[in-house]
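A.B. asks: The structure that follows is given in the form of structure tokens.
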Amino acid sequence: MDQNQTEAVARKIYEANVRRERFKPLRGNDQPGSLDTAYDIQDALYAIMQTEGNAGPVAGHKIAVTSPEIQKLCGVGQPVYGSIFASTIHRTPHVANHADFIRIGIEFEIALEIGEDVPLTAAPFDAETISRFVKSAMPAFEIIEDRDADYSDLDAMSILADRCWCGGVVLGAPVEHWQRIDLGNLAGTVKLNGESLDSSNTGNALGHPLNGLAWVTNHLAGRGKALRAGEIVMTGSPLKTRFPAPGDSYTYSVEQLGEVTLQTSSNAQAET
């Protein structure tokens, strides 16, 4: 796929989002032949979003398709990456307008804040070597916009080309003494409208949040990019995606890290 076709596919994805069309996997001549091509389409889409959609600068990063089951469903043998725009990063408590999304989903994660620029020359990283660049940790929601996708007909390359379905994040209060905490073995609980809904352990996402951070760092390094101080990295969800109804309030609590809250509103404009 040459540059012109890459940009044409990215524009189709952008316009489908603007028109609020249901998600469809890339097929035929639009189908990426490799993960690298899919990332080229993603980069072209981000450029359009910044120049025409006023998305603003990138201020965060995410890892997706982390479980073997989801990877098998999507036909890929590794996680995939997406960027997060500064304009879509919110602090708890946050109210999202349900009507702003074709279908809003939320995932329950640990977010890590980068404390200093990560040098490209030091890659590849593992959980231990990347840890010194982490300033703080916090519970977080990732807001998913799957555009009402048919989950019986998915592939990872189409998802990642469409910005990995990232509709934003909601961050809890940062905890800077995270090194004193066993970050990969913390109990997490989810409440829906004040009632217990689900529970898990932070280690259920790739074994440890730092593993997700190392993967994102190495992915970026492979494409000539580096993490910068102040950026946020979402490290994967240990729980299944939930799809809030209008008026629903979700709280994700992680022991020793605090909690994060998101409510969906059916009002014409979201509250902040």
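A.B. asks: Counting other beta carbons within 10 Å of each residue's own, what order do TYR252, TYR14 fall into, fewest first?
C.D. replies: Numbers: TYR252 30, TYR14 20.
Result, fewest neighbours first: TYR14, TYR252.
A.B. asks: So, one more: As a check on your grasp of the helix formula, calculate [θ] at 222 nm for the chain: sum -39500 (n - 2.57) over DSSP H runs of n ≥ 4, divide by the residue count, round to the nearest 500.
C.D. replies: Working: 6 runs with 64 residues, N = 272.
Roughly -7000 deg cm²/dmol at 222 nm, from the helical runs in the chain.
A.B. asks: Here is a follow-up. Have a look at the DSSP beta bridges in the chain and tell me what percent are antiparallel, nearest 5. Spell out each step's value before the answer.
C.D. replies: Values: 44 of 54 bridges.
Taking every DSSP beta bridge with both residues in the chain, the antiparallel ones total about 80 percent.
A.B. asks: Given (1) 30, 20, 19; (2) 27, 23, 17; (3) 35, 18, 16 as candidate values of semi-axes √(5λ) of the Cα gyration tensor in Å, which corresponds to the one derived from the coordinates?
C.D. replies: (2)
A.B. asks: Is any residue of the range 27-55 close enough, with backbone N under 19 Å, to a label point placed 7 angstrom from the Cα of VAL18 along the Cα-Cβ axis, and if so, which?
C.D. replies: Only 41-55 pass the distance filter.
A.B. asks: Which of the aspartates and glutamates could a cross-linker span from LYS135 if the Cα-Cα distance has to be under 14 Å and same-chain partners fewer than 8 positions apart are dropped?
C.D. replies: Within the straight-line cut-off, LYS135 pairs with GLU113, GLU116, ASP117, GLU176, GLU231.
A.B. asks: In whole angstrom, how far apart do the alpha carbon centroids of the range 134-186 and the range 22-68 sit?
C.D. replies: 16 Å
A.B. asks: Taking 0.36 nm per residue of sequence separation and subtracting the Cα-Cα distance, how much length would be gained by fully extending the chain between ASN29 and ARG11, in nm to one decimal?
C.D. replies: Values: separation 18, 0.36 × 18 = 6.48 nm, distance 1.42 nm.
Net length gain for the segment: 5.1 nm.
A.B. asks: Right, here's the next one. How do the peptides 155-168, 232-245, 38-51 rank, highest first, by the average count of neighbouring beta carbon atoms within 10 Å per residue? Please report the intermediate quantities before stating the final value.
C.D. replies: Working: 155-168: 23.1, 232-245: 21.2, 38-51: 19.3.
Output ranking for 155-168, 232-245, 38-51: 155-168, 232-245, 38-51.
A.B. asks: Something else about it: Please give the length that would be gained between PHE243 and ALA187 if that part of the chain were fully extended, namely 0.36 nm times their separation in residues minus their C-alpha to C-alpha distance (nm, one decimal).
C.D. replies: 18.0 nm
A.B. asks: Moving on to the next point. What dipole magnitude, in Debye to the nearest 20, does the chain give about its Cα centre under +1 on Lys/Arg Cβ and -1 on Asp/Glu Cβ? Walk me through the numbers on the way to the answer.
C.D. replies: Numbers: 22 positive and 35 negative charges, 25 e Å.
With Lys and Arg at +1 and Asp and Glu at -1, about 120 debye.
A.B. asks: Compute the FRET efficiency between GLU255 and ASN218 as 1/(1 + (r/R0)^6), taking r as their Cβ-Cβ distance and R0 = 30 Å, and round to the nearest 0.05. Spell out each step's value before the answer.
C.D. replies: Numbers: r = 29 Å, r/R0 = 0.97.
Taking R0 as 30 Å, the efficiency between GLU255 and ASN218 is 0.55.
A.B. asks: For the pair THR88 and GLU128, what calculated FRET efficiency results from E = 1/(1 + (r/R0)^6), where r is the Cβ-Cβ distance and R0 = 30 Å, to the nearest 0.05? Numbers along the way, then the final one.
C.D. replies: Details: r = 31 Å, r/R0 = 1.03.
E(calc), rounded to 0.05, equals 0.45.
None of the figures in this text is laboratory data; all of them are computed from the coordinates on show. Bear in mind the structure is a predicted one, so any value in this text is a computation, not a measurement. All Cβ positions, glycine included, derive from the backbone under ideal geometry; neighbour counts span all protein chains shown.
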